[in-house]
Amino acid sequence: MRIDHVQFPVPDVSAGTAFFRDVLGLPVDGGLVQVGRSRLRLVPAADAVPATQHLAFSVPGDAGRAAHDWLAQRVELLGHDGQDLFEAPPSWDACSSYFLGADGTVLELIARRRRPERLGGDDFGPGHLLAISEVGIPVASVAEARRRLAREVGAAPFGGPGSETFSAVGDDDGLLVLVTPGRAWFPTRDHLARPSRLVVDLSGTRSRGELVLDDSTLVRYD
């Protein structure tokens, strides 16, 4: 399951795109940010609170440390229990670095080792941000959202069944991260998930259609 496009509401499109362009070095055209093969479109919304949202970008599977070191030269990394490069559970087979966007969005670079892309001996750079890997989606009932995504989209739970407050759905290509409102986005304690008017376009699914989750997030799939 691939995440092709995310429409993401922000209070200030200019500040958001400037961060992706000037700090991460990504191509920007108006409110559109190109992240490898994915597109992130920032749209103005006066009531948007990006500090309650989460996005992750995939990097080559062997580039976890290189991505961390590159990122540390550009932003302040988010830490937890004395570390800022995090090993995921074994079922995820990945490692991640976290940071905040200009508007407080909890962002992540994740190296999924099962993905085929490799950094090898190259120097890490903006071109190694390969795609949008995860979109955080707050929902009133994680279990119900998980069932609907399985039934209508064909997206299976990833890395285990999850819990009442958290479940990842999809695969190594792309994940929808379902959480209950008020749950803190790791590794923070104060960036609490809140529903937002996201639009997520997926490809590589078994069917085609649209699904509205909790009257806030529209998932379009084919």
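The values are calculated or read from the model by the stated rules, or taken from the named source; none is laboratory data. All values derive from a computational prediction rather than experimental measurement. Virtual Cβ from ideal backbone geometry, glycine too; neighbours counted across all protein chains shown. The protein model used for the area step is the full one, side chains on, heavy atoms only, and it has no ligands, DNA or RNA in it. Shrake-Rupley method; radii C 1.70, N 1.55, O 1.52, S 1.80 Å.
Observations on the structure shown:
- Members of region 93-104 found to be open to solvent by 30 Å² or more (accessible area, probe 1.4 Å) and either under 16 Å from the mean Cα position of the chain (by Cα) or under 23 Å from Asp22 (Cα atoms) (or both), listed by number: Leu100, Ala102, Asp103
- Options Leu55, Leu78: the member that is in a loop (DSSP other than H, G, I, E, B) and under 16 Å from the mean Cα position of the chain (by Cα): Leu78
- Sole residue being open to solvent by 20 Å² or more (accessible area, probe 1.4 Å), at pLDDT 95 or above, in contact with a helix residue (DSSP H, G or I) (Cβ under 8 Å, 6 or more places away or on another chain) and under 20 Å from Gln34 (Cα atoms), chosen from Val75, Val59: Val75
- When Arg118 is tested against (1) touching a strand residue (DSSP E or B) at 6+ places or on another chain (Cβ under 9 Å); (2) more than 30 Å from Asp12 (Cα to Cα), only condition (1) is not met.
- Within region 1-49, strands (runs of 3 or more DSSP E) holding 3 or more residues that are modelled with pLDDT of 95 or more and in contact with a Ser or Thr (Cβ under 8 Å, 6 or more places away or on another chain): 2-10
- Counting the residues of region 196-210 that are more than 15 Å from Val6 (Cβ to Cβ) and in contact (Cβ under 8 Å) with a residue 24 or more places away in the chain gives 5.
- Any chance Arg65 is within 15 Å of Leu175 (Cβ to Cβ), at pLDDT 95 or above and not in a strand (DSSP E or B): no
- When Asp4 is tested against (1) under 30 Å from Arg208 (Cβ atoms); (2) among the acidic types (Asp, Glu); (3) more than 16 Å from the chain's Cα centre (by Cα), just one condition goes unmet, and that condition is (3).
- Residues that are open to solvent by less than 60 Å² (accessible area, probe 1.4 Å) and either without any contact (Cβ under 8 Å) to a residue 60 or more places away in the chain or under 18 Å from the mean Cα position of the chain (by Cα) (or both), drawn from region 35-52: Val35, Gly36, Ser38, Leu40, Leu42, Val43, Ala48, Val49, Pro50, Ala51, Thr52
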